[in-house]
Each structure stands twice: as C-alpha cells, then as structure tokens.
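Novice: Pasting in a structure now, in structure tokens, and then I'll have a few things to ask.
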Amino acid sequence: MNAFKRSILYITRKKKKSFIMLFILFGIATAVLSGISIKKAATVARQDSNKGMSNIFELQTNLATNFDGLIPESLVNKISKVDGIKNYDGIIGGSGMDFKNISSVDPANNMIQYNEEEYKHLFSVEGHTSTQYDTKFTSKSLRLVEGRHLVATDKNKVLIHKALAEKNKLKVGDKIKGTKNTVDYRATSDSPNEYDLEIVGIFESENTKREGSQLEIPENLIISDINTLKTLYGYSDGQIQYTSAVYNTSKNVDDVISSLNKISEDWSLYTILKSEDTFLALSKSFDAMEKIINIILIGAIVVGIIILSLVLAFWIQGRVHETGILLSIGVPKFKIISQYIIELLLIATIAFGASFFSSKAISQSMGNAIVSQASKQAIQEVQQGFGGFSLGADANSSLATQTADEIDVDVELKEVAYVYLIGTAIIITSVMISSRSIIKLKPKEILSKMS
C-alpha cells in the first residue's frame, strides 16, 4: 500500500485527530491570508496617496533667517517658469478680517476664548491664486462640494466651509461683507475698509471634531482670491508678498527642485518642502502599518510552525507502533515522513480553501484596527518631533498630522494560492521538526520502543 492510500485511511479512521488538525490549519491559514490581503491593501493605499502628492513641493520661508516670513512675487513667478513646473498656487496666510453679519462655528473644545471686542467677529482669511492646486485640496484635507475653485483673475470672491454656510443659511452666489480689522497689522491705512465678497464655492473638511480655537478650526476659515488681499494690503502690481507657494510638477520633483539653484536668490531665506515633509504623519503611518502587518505575517508563520510541531510531535510519539510495523516490512523512513506530510496536505486542502471565506469576514476589521494603531503611532512620532506639543487645529497644521483613514481590504483567490505555498512550507517544516525522533533513531531502536 502506498503512502497516499495510507494517508487517506489514517485521516478517515482518526476523525477526531483529523478534525483538530483541520481546525489548527484553518486558523493558521486565516491569519496568513488576512495578513497577505491587508499588506496588499496597504501597498495599494500608499501608491494611491503618492499618485497625487509625489509631484508637489512647497516654497516656505525660513523663519530662522527670514524674520518677516514673506516671499516676493518675483521669486514665486520665477519658479513658476522653471522647466517642469506645471501649475502653482501662491498663498497669503495669517490674515484676519471682520464679518459682522455672520456667526462663527463654535469649536467643540475651545482652547482659547476671544472675549475682546476686536476679536468678536474676526475670521481667519487666506488668499490664493488657484485653490485647486493648494495642498489642502489636492490632499483632500479640504474638499470642494459646491461651486468652483478660485482662480488668479478672481476679485472679491471667497470659498467658505459647509458648516459655516449651514449655520448662516448661506449658499453659492450669496455675498458676505468683510471689514478691515486693526489686528492684522499688514492691512494698510489707505486700503478700503469694506469688501463685498461673493461666495463662489463651499468646501468641507476632515476635521469633524472641531477641536481648537475659534480662529483655528477649518469651519471658520474663509478662503479668498489673491486680489482681495492684494487690495487689503496695498500691494502694487508685481509686488505681492506671499507667505508660501505650492508647485505641481510634470517631471520628477527632485530634478525640478535641483534646477531651482539656477535662480539667483538667497536660498538661505527659504525652505523647500516635498510631500513627505508636509505630510509627516501620512508616510509614518504607512511605515508603521507595514511593520505591524509584517509582525502579524511573520508571527502567524512562526506560531503556526511552533503549534503544529508540538501537536505533531505528541501525535508522532503515539504512532511508534505503526512506525515500527512499517519499518519492519521494509518501508523507508522518508516514505513514512512523506505519509505524515501527505496527511496534513490533504486536510490542508480543505482548511486553506475555507480560510478564503473566514478571511473575507475578518480582514477588513483587522485592517481598520491596524490603520487606527498605525495612525496613533505616527501622530505621536510627529508630535515628539515638535517637542511633544500638539500641532494646531487649523487646516494647514492638520496636514502634518494627516494619516491614512482606511484601507480597502479585498481577499482574492490569487492570494489563496500564496496561502497554499506558505502553508505547504509550514507543514513540511513542522513535520521535519516533529519527526526528528524517528529520523535520529535506528529501526532496531524504534522496534524496541514498541515493546
């Protein structure tokens, strides 16, 4: 009788042992298949996140040397003409304007109370040349849900948050009146005091908790066209002072950044940030995710080998009589060990196939838990890099703590093939480990154990 027939007879006769082994192999396969599927989903999510962000860099001021924190329009325009620059968004941030006819959205956790009269109706205002190229929108930290983006030719146009629009019953096409606030020292005395601003778009944000101060949270951010702030600050044509600029490249971003050195400028006054520098927590969250998934995969394989080896060692010791008989009739050791492997592979055929359905049921939940844990670790690392302090709750600061929200885990049949390969390796390894007592002993020693 060959090893295959003996394996089938043993499995059918030892139903209880076969069922226990089926359960063990099923658990190992489920863990391995879930790990493989989650790893694939995390890789896809990382690639997707890099698609829109890998070709972006941001020009900022080096506050250690550039004390006014401003970038001249001439430099922003020079960079926009460098070969490989596709489009850009020039930004004036840190602006303030009063809006007495609208009510601000209340933060859920107001860390700073503005009780003074000069702050009562103050809103945070940002000026943009082209909001569709702003990092907050390209990263989907902010999403335009109604209307259109702001463009360079706009004047007296704004985008507002959906929550602010709902609270004040505003819609696209409505106008809000902004007035100059003395808190913003850059506003010139001869610029107009009032601005009738038309709402051309409404956006929403990822920050649903609304934690922070009244002026920080994105719900109270008003995004204006660049020409409105140009008028407010009294900038003449070609003399705008930006606070940052975001550039989108059509070529390799590193090559484009390297070519900026050809521009005659004191570069010690400025800083170039690539997407991985801007989205610190995002890249760190994917790194942490990869580590956790690898630990799960390696752990499942190692633990599987240990458990399987221990169970098999116990069972093989109980089959000394059977082994001795087979040896006595001339069956070689490798065929006896082959029988053990075949027995497990026959059981594994069912166990590994069934793991496809169990992994489908649990892998998404496992993936969500891994994303959550990885995101927490990433944010902690970023905050430690800033001395342990929490970053601001405004839309710009939140980019540094933006992490992967979720991964879409889909278990496919081709992943089951990997489980069969890995599972077969686990079975062979476990059988070889647990069969050491047979491999080492001579036939006479095994036969003497029968007595």
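Novice: With a/c under 1.5 counting as rounded, go ahead and sort region 143-209 into rounded, prolate or oblate using the C-alpha gyration tensor (a ≥ b ≥ c being the square roots of the eigenvalues; past the cut-off, prolate if a/b is larger than b/c, else oblate).
Specialist: The shape class here is prolate.
Novice: Also: Given the rule -39500 (n - 2.57) for each run of at least 4 DSSP H residues, summed and divided by the residues of the chain, what is its mean residue ellipticity at 222 nm, to the nearest 500 deg cm²/dmol?
Specialist: -16000 deg cm²/dmol
Novice: When a/c is below 1.5 the answer is rounded, else prolate if a/b is larger than b/c, else oblate, so apply that to region 1-114 with a ≥ b ≥ c taken from the square roots of the Cα gyration tensor eigenvalues.
Specialist: It is prolate, given that a/c is not under 1.5 and a/b is the larger ratio.
Novice: Sort 223-234, 66-77 for me by packing, meaning the mean count of neighbouring Cβ atoms within 10 Å per residue, highest on top.
Specialist: 223-234, 66-77
Novice: Enumerate the amide H contacts of residue 181 below 5 Å, restricted to partners 5 or more residues apart or on another chain; note that Pro and chain-start residues carry no placed amide H.
Specialist: 98
Novice: Using 0.36 nm per residue of separation minus the Cα-Cα distance, give me the extension gain between residue 291 and residue 2 in nm, one decimal.
Specialist: Full extension from residue 291 to residue 2 adds 99.5 nm.
Novice: In debye, nearest 20: dipole of the chain around its Cα centre with unit charges on the Cβ of K, R (+) and D, E (-)?
Specialist: That gives the chain a dipole magnitude of about 4200 debye.
Novice: Rg to Rh ratio, region 205-279, alpha-carbon atoms and Kirkwood radius?
Specialist: 1.04
Novice: What angle, in degrees between 0 and 90 and rounded to the nearest 10, separates the Cα long axis of helix 333-385 from the longest principal axis of the Cα atoms of the chain?
Specialist: Taking the Cα atoms of the chain, the angle to 333-385 is about 20 degrees.
Novice: Can you list residues whose amide H is under 5 Å from residue 174's amide H, if they're 5+ apart or on another chain and H is modeled 1.01 Å from N?
Specialist: Close amide H contacts, sequence-distant or interchain: 199.
Novice: When the convex hull of the Cα atoms of region 50-200 is projected onto a plane and the area is averaged over all directions, what value comes out in nm²?
Specialist: For the Cα atoms of region 50-200, the hull's average projected area reads 11.6 nm².
Novice: If you don't mind, there's one more thing I want to ask. Per residue, how many Å² of accessible area does the chain show with a 1.4 Å probe?
Specialist: Per residue, the chain has 50 Å² of solvent-accessible surface.
Novice: Right, here's the next one. Expressed in nm², what is the orientationally averaged projection area of the convex hull enclosing the Cα positions of region 24-77?
Specialist: 6.7
Novice: Still on this structure, please answer the following. With every protein chain kept in the model, how would you rank 148, 319, 186, 13 by accessible area, 1.4 Å probe, largest at the top?
Specialist: In descending accessible area the options line up as 13, 148, 186, 319.
Novice: Can you send over the solvent-accessible area of residue 86, 1.4 Å probe, protein chains only, in Å² to the nearest 10?
Specialist: About 120 Å², ignoring ligands and nucleic acids.
Novice: Note the listed values (i) 29.5; (ii) 20.2; (iii) 48.7, then indicate which one is mean projected area of the Cα convex hull in nm² calculated from this particular structure.
Specialist: Answer label, from the structure shown: (i).
Novice: Something else about it: Give me the percent of the accessible area of the chain that comes from carbon and sulfur atoms, probe 1.4 Å, all protein chains in place.
Specialist: In the chain, the share of accessible area belonging to carbon and sulfur is 56 percent.
Novice: Also, I was wondering about something else. Rg (Å, one decimal) plus Dmax (Å, integer) for the alpha carbons of region 168-301?
Specialist: Over region 168-301's Cα set, Rg and Dmax evaluate to 21.8, 73 Å.
Novice: Too long at a 18 Å Cα-Cα cut-off: which of 274/376; 51/140; 157/180; 162/376; 162/274; 40/140?
Specialist: 274/376; 162/376; 162/274; 40/140
Novice: Here's another thing I want to ask about it. Any idea what angle helix 3-13 forms with the longest principal axis of the chain, computed on alpha-carbon atoms, 0 to 90 degrees, nearest 10?
Specialist: Roughly 80 degrees, rounded to the nearest 10.
Novice: So what does the Cα-only Debye profile of region 305-366 read at q = 0.14, 0.23, 0.24, 0.27 Å⁻¹, as log10 I(q)/I(0), no solvent term?
Specialist: -0.57, -1.01, -1.05, -1.14
Novice: Related question: From the residues 139, 201, 11, which one has its Cα farthest along the dipole of the chain in the positive direction, the dipole being from +1 and -1 charges on Cβ of Lys/Arg and Asp/Glu about the Cα centre?
Specialist: 11
The values are calculated or read from the model by the stated rules, or taken from the named source; none is laboratory data. Since we're looking at a predicted model, the values are computed, not measured. Quick reminder, even Gly has a Cβ in these numbers, built from the backbone with ideal geometry, and neighbours come from all protein chains shown. All accessible areas refer to the heavy atoms of the entire protein, side chains included, with ligands and DNA or RNA removed. Shrake-Rupley method; radii C 1.70, N 1.55, O 1.52, S 1.80 Å.
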